[in-house]
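Notes follow the structure.
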Amino acid sequence: MFRFYETTLLEQFVEDLYKKHGILTPQQLNIEELARRLNVWVYYSELGSEAVEIKSGLGSINIYKNQSRARQWIDFLHELCHILRHSGDQRIMPEQFTRAQEAEADNFVLYAAMPISMISQLRLPVRKNDAIHFLASIFKVPLYLAKKRLEQIQHRLCQGKLLTETVKQVEDSDHVSNGDHDDMRETKVYAYYDPADDLIAPSQFIIHVDHETLHTQEELIFSIDGPFEVVEDGQLENFTDSKPVKFFDLDYTSEGKVSLKLSHLASRYYNSVNKFVIQKKDIEELLRFYGDEF
């Protein structure tokens, strides 16, 4: 069931963290166990839940005590993300930066409360409502959180299956059939936003290169900040003939833009393809290599 599922960078961070510290079963997912294994001090008081990094590798989390155990667990994971992933005082940070950290912490809660490595070992009920109650029971989380995680997984599975079928389809054929979008006579950059992804950034870039550009230019330079057209879920079928771009097909310019090496693609695909898909993880890897962020 989970063979089409691909973890995000944040989710893989959680998976690696748990594996490193021997957190392997749902029974270990509680405040006391994680705090002990991750060297985090936990206090309960009438103050609001908050995290403080005392020094590198040692953090402290205060949990608001007048709430349910499930709510305390969620607060703990949210604040744990701030200790592990963030630094600085949010009170003096720009609002946009704070929002990004809070969004990542919310996603961290989903991954840390219900890790995919543990879920994949379970036999989930077929009916959605039963599966939600099952996850909530196993991982001791509220129903709304179990529902959100299940829908996220289902969306990722559908997206992964679509991508796999797309790659197989183009690799099994020497020539790719032209779709309605081949009527375009200009190069365009499209962006697909996965609603279940971690940050407000495209999870895929789809590049449609016009015939002349593909055959006469060595590279295509574009900005990851746009402009680009947004592809909705229902429009993905128009790009099923896209070929995957590999990490070494990309470069980074001194102006902070991405360079797509058209000469690589034209040679590899024998000038038979003019639509290409770039995965978010490759963009992130490229920027990390050059010391930048997505």
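The table for this structure:
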read-out: When residues of region 198-222 are limited to those that are assigned to a loop (DSSP other than H, G, I, E, B) and more than 20 Å from the chain's Cα centre (by Cα), the one nearest to LEU260 (Cα to Cα); value: GLU219
read-out: First in region 259-279 and at pLDDT 85 or above and among the charged types (D, E, K, R), second anywhere and buried (at least 16 other Cβ atoms within 10 Å of the Cβ) and assigned to a helix (DSSP H, G or I), Cβ under 7 Å, 6 or more apart; value: LYS261/ASP249; LYS275/PHE239
read-out: Top-ranked residue of region 109-151 - restricted to ones that are charged (D, E, K, R) and in contact (Cβ under 8 Å) with a residue 24 or more places away in the chain, ranked as surrounded by the most Cβ atoms within 10 Å (Cβ to Cβ); value: ARG149
read-out: Tabulated pairs, region 75-86, first under 15 Å from ALA113 (Cα atoms), second of a type in the set (Phe, Trp, Tyr) and buried (at least 21 other Cβ atoms within 10 Å of the Cβ), C-beta under 8 angstrom, 6+ apart or interchain; value: LEU77/PHE108; HIS78/PHE108; LEU80/PHE108; CYS81/PHE108
read-out: Odd one out for VAL230, checked against (1) crowded, with 17+ Cβ neighbours inside 10 Å; (2) under 27 Å from PHE108 (Cα atoms); (3) of a type in the set (Val, Ile, Thr); value: (1)
read-out: Any hit, region 29-43, residues being under 29 Å from GLU285 (Cβ atoms), outside any loop (DSSP other than H, G, I, E, B), in contact (Cβ under 8 Å) with a residue 12 or more places away in the chain and touching a helix residue (DSSP H, G or I) at 6+ places or on another chain (Cβ under 6 Å); value: no
read-out: Qualifying residue in region 203-214 (condition: within 25 Å of GLN152 (Cα to Cα) and not hydrophobic (A, V, I, L, M, F, W, C)); value: yes
read-out: Breaking point among (1) at pLDDT below 90; (2) in the same structural domain as ARG71 (by TED's automatic domain parsing), for LYS19; value: (1)
read-out: Residue among LYS147, LYS140, LYS128 that is modelled with pLDDT of 90 or more, among the charged types (D, E, K, R) and within 17 Å of GLN27 (Cα to Cα); value: LYS140
read-out: First in region 1-18 and under 22 Å from ALA103 (Cα atoms), second anywhere and modelled with pLDDT under 90 and surrounded by fewer than 17 Cβ atoms within 10 Å (Cβ to Cβ), Cβ under 6 Å, 6 or more apart; value: TYR5/LEU157; TYR5/GLY160; GLU6/GLY160
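Yes or no, residue by residue, for (1) surrounded by fewer than 21 Cβ atoms within 10 Å (Cβ to Cβ); (2) within 23 Å of LYS19 (Cβ to Cβ); (3) out of contact with any Asp or Glu (no Cβ under 9 Å at 6 or more places or on another chain); (4) not charged (D, E, K, R):
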position: ARG37; (1), (2), (3), (4): yes, yes, yes, no
position: TRP41; (1), (2), (3), (4): yes, no, yes, yes
position: SER45; (1), (2), (3), (4): yes, no, yes, yes
position: GLU50; (1), (2), (3), (4): yes, no, no, no
position: SER60; (1), (2), (3), (4): yes, no, no, yes
position: ASN66; (1), (2), (3), (4): yes, no, no, yes
position: ARG71; (1), (2), (3), (4): yes, no, yes, no
position: HIS82; (1), (2), (3), (4): no, yes, no, yes
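The values are calculated or read from the model by the stated rules, or taken from the named source; none is laboratory data. For clarity, every value in this text was computed on a predicted model and none was experimentally measured. A quick note on method: Cβ atoms are made from the backbone with ideal geometry, for glycine too, and the neighbour counts reach across all protein chains shown.
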